[in-house]
Amino acid sequence: MKAPLLRSNDAVIAGVCAGLAAHLGISIRATRIGMAALCLAGGAGVLLYGWLWLLVPTTEERRRRGTSSPGLRLGTTGLAGAAVDTAPEVTARARAGRREALIGAALLVVAAAFVAQQLGASIQWGWVLPVGAVAVGAVLAWSQIDESRRAGLMDRAGAIQAGGMARLILGLVLVMVGVLIMVSGSISWSLTWSTLLATGAVLGGVGLVLAPWALKFWKDLEAERAGRIRETERAEIAAHLHDSVLQTLALIQNRAGSEHDVVRLARAQERELRSWLYADTARQTGNFADRIKAVAAEIEDSYGHPVDVVSVGDIPMSPRQEVMAQAAREAVLNAAKHAGGTISVYLEAGPFGSEVFVRDRGRGFDVDAVPADRMGIRESLYNRMQRHGGTVIIRSSTEGTEVKLRMPEEKSGEPRG
Amino acid sequence: MAEEISVVVVDDHAIFRSGLRADLDHRITVLAEAATVEEAIAAIHQHRPRVVLLDVHLPGGIGGGGAEVIAGCTQLLGATSFLALSVSDSAEDVVTVIRAGARGYVTKTISGTEISAAVFRVASGDAVFSPRLAGFVLDAFGTAAVASVDSELDRLSARELEVMRLIARGYSYKEVARELFISIKTVETHVSAVLRKLQLSSRHELTRWAAERRLL
């Protein structure tokens, strides 16, 4: 198997020749002489050297990336194979010599150009300036990014795959060509189409280069936002549990002696947690059923007797239903005060109006024997309901009491008064 | 009511299982306990209990909880009845487990006496409706006895509606019977009929209603 094409640590400039020699299986000296000769042939060697320098990873870079990604493939040259083990101290040395190497390379390029002109090649200096500017700019920009980020950029641009690499290079070439045409286009300003072509090429090139990055960037942003939302939700749940459940548990430990308090706390917490877990916020309408549930919860909290509410249907609040809710509150309150135990509340509501049944398992009382001066039942229930067109039926026996409240809703056509 | 009744208790909380075991009537024998869907299916097949006390939310299996256990024991459904227990009031949970084949549904907060009574009732082939389940039924089938619905399965008779309303109001079966001047046996028949309708009805309101409650 051939040695993979990697920039060697045994470097004069950047280890390109040594790496190439190892890869091709010829002597380093021969490679360097060949490269120098190429440099003299119109600067081809310089181009080749620069190209390899940019694109061929060092053994160090390769080792770092080797296990996870398949490595840089240069067309059919083939870079496959296992990562090569190297001594780690070499990169530092290579980096120290990099600035000198760059200056040297620049000088070499200039020298090569002069030599080429001496040999008779006609160099259009008008072209050299923009090409040089673009090249220097690219090198500067590239060297500003640290190695890992550079690898990341290559990864993101898809430059690891041959297709992505081709797209990247094509894009860059288009950008450069566009820039060159624009710069040198000063000679032929009149030719509008060439300017348009140049602009198109520039835009196309930039788009081609940036599209995958932009896409990747967008995806990263989306992923991060989703993560943030999850994090916020988690924090919200944690905060809620802390404020409610943990506080209640602490309270319960404090009041462990009082069974009544413990039951009351547990009930209230259960109700609160339940509404938080199962209630649909969209359904919390402030309608009649919610109002009755709130009333039940309030009395349950004050008296410590469980109040179970079963509701069927719902109706928007209206002045009449407000009266109904107050009457229902009075009925539940009476049950909690006088009967105790579990109180069942059943409400049914719809376009017809509402019905509420409040049932307890107390000892019961004689409805007719309630003295007329007892304000509770007479005023709060009978009179109040009757004033607004509702009815009250109380049935009581030794097995408990049931209060049945009914409040018809106004017909929509009926005049209000 | 005098005979011994064998049960398997399925719940993922050991504290709840032991508490329930202690609370149950002395005529009820706990054959085994299980904490996951797989354990439950294995234990039920091994012990063949008369009644399974089944938590709606269970770990294991494909995440189907109590309904998955019932689905895994379909060939035993004649000999074994399932009574669903839950802390959840969500309509979705209740309706799912009932439609899977449970004979009743009670919340975990009810007393040992009540739960024992529910076990006896389920063991004798009747259905157990808590006030809340009755409320769900009324909500799903509508509170008016509509005659214009296609299938008999898709509506409740006037009598069944009355029974459901009374149960939702907190009446016991006995009290319902006295209120309507019918026998307890008749009440049980009505409740079983409602349970069957709840299980078999393809009434689109039922599914839509459950879906709405869950999704909103």
Notebook entry, point to check: Once label points are set 7 Å from the Cα along Cα→Cβ at both residue A:106 and residue B:180, what is their separation, rounded to one decimal in nm?
Noted result: 9.9 nm
Item checked: Efficiency of FRET between residue B:193 and residue A:249 - r from beta-carbon atoms, R0 51 angstrom, step 0.05 -> 0.70
Next item on the list: Apply 1/(1 + (r/R0)^6) to the Cβ-Cβ distance of residue A:259 and residue B:14, taking R0 = 30 Å, and write down the FRET efficiency to the nearest 0.05.
Entry: 0.80
Check: For chain B, what are the per-bin percents of Cα-Cα distances with bins 5 Å wide, up to the bin holding the maximum?
Finding: 1, 7, 16, 20, 20, 16, 11, 6, 2, 0
Item checked: Taking only Cα atoms of region A:198-270, radius of gyration then Dmax in Å -> 27.2, 87
Item checked: Helix-only CD estimate at 222 nm, as mean residue ellipticity for chain B, using -39500 (n - 2.57) per DSSP H run (n ≥ 4) -> -15500 deg cm²/dmol
Next item on the list: Determine the shielding of peptide B:106-114 by partner chains: average, over its residues, the number of Cβ atoms on other chains within 10 angstrom of each Cβ.
Entry: 1
Next item on the list: Give me B:113, B:96 ranked fewest to most by other Cβ atoms within 10 Å of their Cβ, as a rough exposure proxy.
Entry: B:113, B:96
Notebook entry, point to check: To the nearest 0.05, what FRET efficiency results for residue A:24 and residue A:238 with a Förster distance of 51 Å applied to their C-beta separation?
Noted result: 0.25
Notebook entry, point to check: Once fully extended, how much extra length lies between residue A:218 and residue A:55, figured as 0.36 nm per residue of separation less the alpha-carbon to alpha-carbon distance?
Noted result: 56.0 nm
Note to self: A 24 angstrom limit on the alpha carbon distance is what I want to check against. Which of B:174/B:197; A:293/B:174; A:293/B:108; A:293/A:404; A:404/B:108 exceed it?
What the structure shows: A:293/B:174; A:404/B:108
Item checked: Peptide-level mean, for B:7-20, of C-beta atoms on other protein chains within 10 Å -> 0
Checklist line | Backbone N within region A:306-347 under 15 Å of label point (7 Å from residue A:274 Cα along the Cβ vector) | finding: A:306-312, A:342-347
Next item on the list: Quick one: net charge around residue A:238, please, counting Lys, Arg +1 and Asp, Glu -1 for every other residue with C-beta under 13 Å from its C-beta.
Entry: -2
Next item on the list: Could you give the DSSP H helices of chain B that reach 18 angstrom or more along their long axis (alpha carbon positions) and whose average Kyte-Doolittle hydropathy is no lower than -0.5?
Entry: B:184-200
Note to self: Along the Cα→Cβ direction, 7 angstrom out, place labels at residue A:231 and residue B:92. What is the inter-label distance in nm?
What the structure shows: 2.8 nm
Notebook entry, point to check: Can you give the mean number of other chain Cβ atoms that lie within 10 Å of the Cβ atoms in peptide A:343-354?
Noted result: 3
Next item on the list: Treat each spin label as a single point 7 Å out from the Cα along the C-beta direction, and report the residue A:266 to residue A:367 distance in nm.
Entry: 3.6 nm
Margin query: Quick check: net charge around residue B:175, other residues with Cβ under 11 Å of its Cβ, Lys/Arg +1 and Asp/Glu -1?
Written below: +2
Item checked: For region B:1-125: relative contact order, % (alpha-carbon pairs under 8 angstrom, 6 or more apart) -> 25 percent
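Rule-based calculations on the coordinates, nothing more; no lab input. Remember, predicted model here, so these are calculated numbers, not experimental data. Cβ: placed from backbone, ideal geometry, glycine included. Neighbour counts: every protein chain shown.
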